[in-house]
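Just below is one structure, and these are the notes that go with it.
What follows is calculated from the coordinates using simple rules that are stated; it is not laboratory data. Treat the numbers as computed from the prediction; the structure is a model and nothing was measured. Note that we place each Cβ from the backbone using ideal geometry, even for glycine, and neighbour counts take in every protein chain shown.
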Amino acid sequence: MGNEPSADATGDRPTHPRGRTAGPGRRGRLPLSAGWNRADDTRGVQGGLVTSDTHDTQVLAQDERAELERLRAEVTRLRETAVPRQPGPPRPRRSARAWGRTVLAVVLIALACILAPLSVASVWARSQVTDTNRYVETVAPLAHDPAVQQAITTNLTNVVFQYVDVEGITNQAISAIQDRGVLPPAVATQLQALAVPLANGVRSFAHDRIAQVVQSDAFAQAWEQANRTAHEQLVAALTGQSQSVVLEDNAVKVNLAAFVTVVKERLVASGFELAAKIPEVNATFTVFQSADLNKVQRGFDLLNTLGYWLPFILVAIAGLGIYLARNHRLAFIGAGVGVTLAMLVAALALQYARSVYLDSVPAAVLPQDAATVIFDTVIRFLREAIRALALLGVIVALGAFLTGPSVTARTLRGWLVAAFAAAKGGVVRLGLRMDGVTSWVGPRARLFRGIVVALGFLVLLLEPYRTPGLVLWVTVAVLAALAVIEFLAVRPRAHPPAVTPPVVAPAYE
């Protein structure tokens, strides 16, 4: 029949005009006759079969049949002789290079994280040595702390009574009275027993007057001025070279000679004439004492040298590690988490150093409460720097995660983009055309985002006194700038046009 595929004499499956077998699973294209013309192939569909108006094109020619059998035999031979392709070994040079880059990236990022606490400590030490205002801001609160005031009062009272022997003077006066025979022997004996209480009363009187001086605003101003003019205190602690600060017996002692003079004048004005006998003395107050002070001195030069350059060096090392990593986003997350963990270790180490310091200070030299206040006050900026860098690490890791391909990140970004698109659509509906701005900002949005983030990092890098508040404000500023970029780059949400109800013409009778 003209509308059915024909079968050849050998009983093979029917074929279609272009040499395509009609049986199931046979989709291979067969060689065509040299005389076949596409224009002669007038085909239609009848009963689901492809038909042709020319019956001869449905039968393969003899030479075509021979070529088909030869090709089938060749395919069979190739299948039998073909060896399954084994995955060859990876090219050693390329594999080793990729592995080396990964290892180097991990090493560089880990090195930057490990050295981060050293960078924080060096910057803090350098700021305390070179910045007078920063140093005064560090030690000024000590003058208002009750524990430190009590310790200074006790110290000055001891200095005063080293030169004023009230008990000895009282005994001399009583002996002189007894020698004159003015008093009966019994009265003279009782008066002799009052020598110690009189001395204690005088000492208590002097202690109260000195406490009034130390607790006054004048003392706080004198303390601040003395520390401002004697800013070499920390240099003396680390180099041992200063006239206003004494370094001896592994301790740093501040010279209180000016305060002794003030105390002397106040006692004389209060009626304690014996204070006039106090000579000019170099009274000292111990600020820091540790058996490891010599080790700190040896490491000071290195810290002072690296205090300025080390942050830049660490950023360069971490940046190179992130660049070499195959997955930059994962490298950013690792760097952020690593810095946070390093700062946690630094905080624990600082807490351990605090315990060691408090245990090493004799109570006779510095009371425990005063030593605690002094240590916490002096290193409070160091603690702030550690917290700031830990917070920065968390923000970097979180930001890298939110820009990643995870479901959570994509969902949050989708919500934000939808919100910005809706907001921009509202602005457009108000009549503000932003097509030009969107067309210009959109293709450059990624570049602008990178510039904003880089500027945020640069601000934090150039600011020597980093605090958690500064990190938060810079983060807020960066997020605000990114929001503006996204708002300008996103396409406004298209709102369906309002459906106008059909106007029904009034019916006329």
Surrounding net charge for A388, when Lys and Arg each add one and Asp and Glu each subtract one, Cβ distance under 14 Å
+2
Grab the Cα-Cα distance for L461 and V106, subtract it from 0.36 nm times how many residues apart they are, and report the gain in nm with one decimal.
125.6 nm
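Stretch T132-A480 to full length: gain in nm at 0.36 nm per residue minus the Cα-Cα span? Before the final figure, lay out the partial values.
Working: separation 348, 0.36 × 348 = 125.28 nm, distance 3.54 nm.
Extra length from T132 to A480 when fully extended: 121.7 nm.
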Place a point 7 Å from Cα of A98 in the direction of its Cβ. Which residues in the stretch 326-357 have their backbone N less than 14 Å from it?
326-327
Give me the net charge of V136's neighbourhood, meaning all other residues with Cβ under 12 Å from the Cβ of V136; Lys, Arg count +1, Asp, Glu -1.
-1
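Fully extended, how many nm does the chain gain between L430 and A353 (0.36 nm per residue separation, minus their Cα-Cα distance)?
Details: separation 77, 0.36 × 77 = 27.72 nm, distance 6.27 nm.
Between L430 and A353, full extension yields 21.5 nm more.
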